[in-house]
Amino acid sequence: MKNKSSVFKVIVLATILVLPGFLYYLLQEKGTNRYRPLNIMGPKQVAGTFHTKRGKKIPDTIYHHIRDFKLLSSTGDSIGLSADSSRVAVVNFFYKNCKSFCPQMNTQMARVVAEYSKNKMLKFYSITVDPEKDNQEALKAYAQTYQANPKKWSFLTGNKDLIFDLAKKDFLVDAFDTQTDGEIIHSPMLILVDSKNRIRGYYDSTSKEQVDKLIDEIKVLVTEELRNTPISYY
């Protein structure tokens, strides 16, 4: 009996000693493999620098970034997406007198805002492509129709040339002033942007399923941000 008891104690002790290391291995090796970050959208090129992963030298990649810019908000503040702001953003382009998909687009945007109303990592930006008509006061009234909290969801206006340039060159979406019937062609996409001002996803606001996907993939991006740079947002 004593021999059996001794053997049992040895087994228990060995298990206690080995189990933490085994769990660490699972978390570091297996867990990491199951985590798939979102793609980084836009043009990219190979850099002349390298980083090391598991003993292998891997070339660094230069990804497309949205420039640092400032526009005027409906509250009169100068607002933009600052590089390395440590926040995730959702951006869309619209205009107040749009008769096609803009009302549906911002209704869907409001749904996403409501889903993440208490998450301080997220900010939402709606940029008008008709700044000549959509001045600060017009946007303030428009924002109220969606009961938008200006601390969470900003409606932005500014220089028309800059806005169209941002849409095409930075956010990589369409924006064309047709000069007929006041119609402006622009994208229905909701655009997900990470804390480094890189585009991580496009979601068609005319599709509920696509917006549902955005809501889910925001969680993936937030997890990635917290893994890389754990920061307090209070």
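Go through the stretch 38-58 and give me each residue that's over 21 Å from Ile199 (Cα atoms), open to solvent by less than 80 Å² (accessible area, probe 1.4 Å) and at pLDDT 75 or above.
Thr49, Gly55, Ile58
Residues that are open to solvent by 60 Å² or more (accessible area, probe 1.4 Å) and touching a residue at least 40 places away in the same chain (Cβ under 8 Å): which strands (runs of 3 or more DSSP E) entirely in the stretch 177-228 hold 1 or more of them?
Answer list for the stretch 177-228: 199-204.
For the stretch 118-134, does any single residue satisfy the condition of being in a helix (DSSP H, G or I), touching a residue at least 40 places away in the same chain (Cβ under 8 Å) and either touching a strand residue (DSSP E or B) at 6+ places or on another chain (Cβ under 6 Å) or within 16 Å of Leu214 (Cα to Cα) (or both)?
no
Answer with yes or no whether Leu72 is assigned to a strand (DSSP E or B) and in contact with a Gly (Cβ under 7 Å, 6 or more places away or on another chain).
Spelling it out, Leu72 is indeed assigned to a strand (DSSP E or B) and in contact with a Gly (Cβ under 7 Å, 6 or more places away or on another chain).
Just give me the residues in the stretch 100-117 being among the small types (Gly, Ala, Ser), assigned to a loop (DSSP other than H, G, I, E, B) and within 25 Å of Glu183 (Cα to Cα), in sequence order.
Residue satisfying the conditions is Ser100 alone.
What single numbered condition from (1) modelled with pLDDT of 85 or more; (2) of a type in the set (Ser, Thr, Tyr); (3) open to solvent by 80 Å² or more (accessible area, probe 1.4 Å) fails to hold for Thr61?
Condition (3) is where Thr61 drops out.
Given the criterion closer than 25 Å to Ile40 by Cα and open to solvent by 70 Å² or more (accessible area, probe 1.4 Å), identify the matching residue among Lys96, Lys168, Lys152.
Matching residue, one of Lys96, Lys168, Lys152: Lys168.
The values are calculated or read from the model by the stated rules, or taken from the named source; none is laboratory data. Computed from a predicted structure; not experimentally measured. Note that we place each Cβ from the backbone using ideal geometry, even for glycine, and neighbour counts take in every protein chain shown. Heavy atoms of the whole protein, side chains included, go into the accessibility calculation; ligands, DNA and RNA do not. Shrake-Rupley method; radii C 1.70, N 1.55, O 1.52, S 1.80 Å.
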